[in-house]
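Report on the following structure.
Bear in mind these aren't lab numbers, they're just calculated from the coordinates by the rules spelled out. Predicted model only: the values in this text are computed from it and were never measured. Cβ sites come from the backbone with ideal geometry, for glycine too, and all protein chains shown count toward neighbours.
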Amino acid sequence: MSEPLIPMHGGYRNLKSFQVARLVYDVTALFVHRYVDRLSRTRDQMVQAARSGVQNIAEGSVASGTSKKMELKLTNVAKASLEELRLDYEDFLRQGG
């Protein structure tokens, strides 16, 4: 049996990385609502970093059918976004939050 021209892709909802990133996004939205001043730029940055992690995992999964290079690039963007978020949480704790 021959392989299809474009391989299967886009099963990101089953990826543990997507599921955990989505949970982190949901928890971050609740966290900033409760603990970070609504006028703070950090609040928006944290939510956007969490969202970027989720979205880039999904985009990378969909792109994997046509470009492994793009899949890796988007996965790295997701990883970097979630690292940025981790640092924001560390800063919050370090500054006595």
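Tell me, please, whether a residue that is within 30 Å of residue 4 (Cα to Cα), touching a residue at least 40 places away in the same chain (Cβ under 8 Å) and touching a Ser or Thr at 6+ places or on another chain (Cβ under 9 Å) can be found in the range 17-36.
yes
Assuming residue 36 fulfils every condition listed in (1) over 16 Å from the mean Cα position of the chain (by Cα); (2) among the β-branched types (Val, Ile, Thr); (3) surrounded by fewer than 14 Cβ atoms within 10 Å (Cβ to Cβ) apart from one, which condition is it?
Against the list (1) over 16 Å from the mean Cα position of the chain (by Cα); (2) among the β-branched types (Val, Ile, Thr); (3) surrounded by fewer than 14 Cβ atoms within 10 Å (Cβ to Cβ), residue 36 comes up short only on (3).
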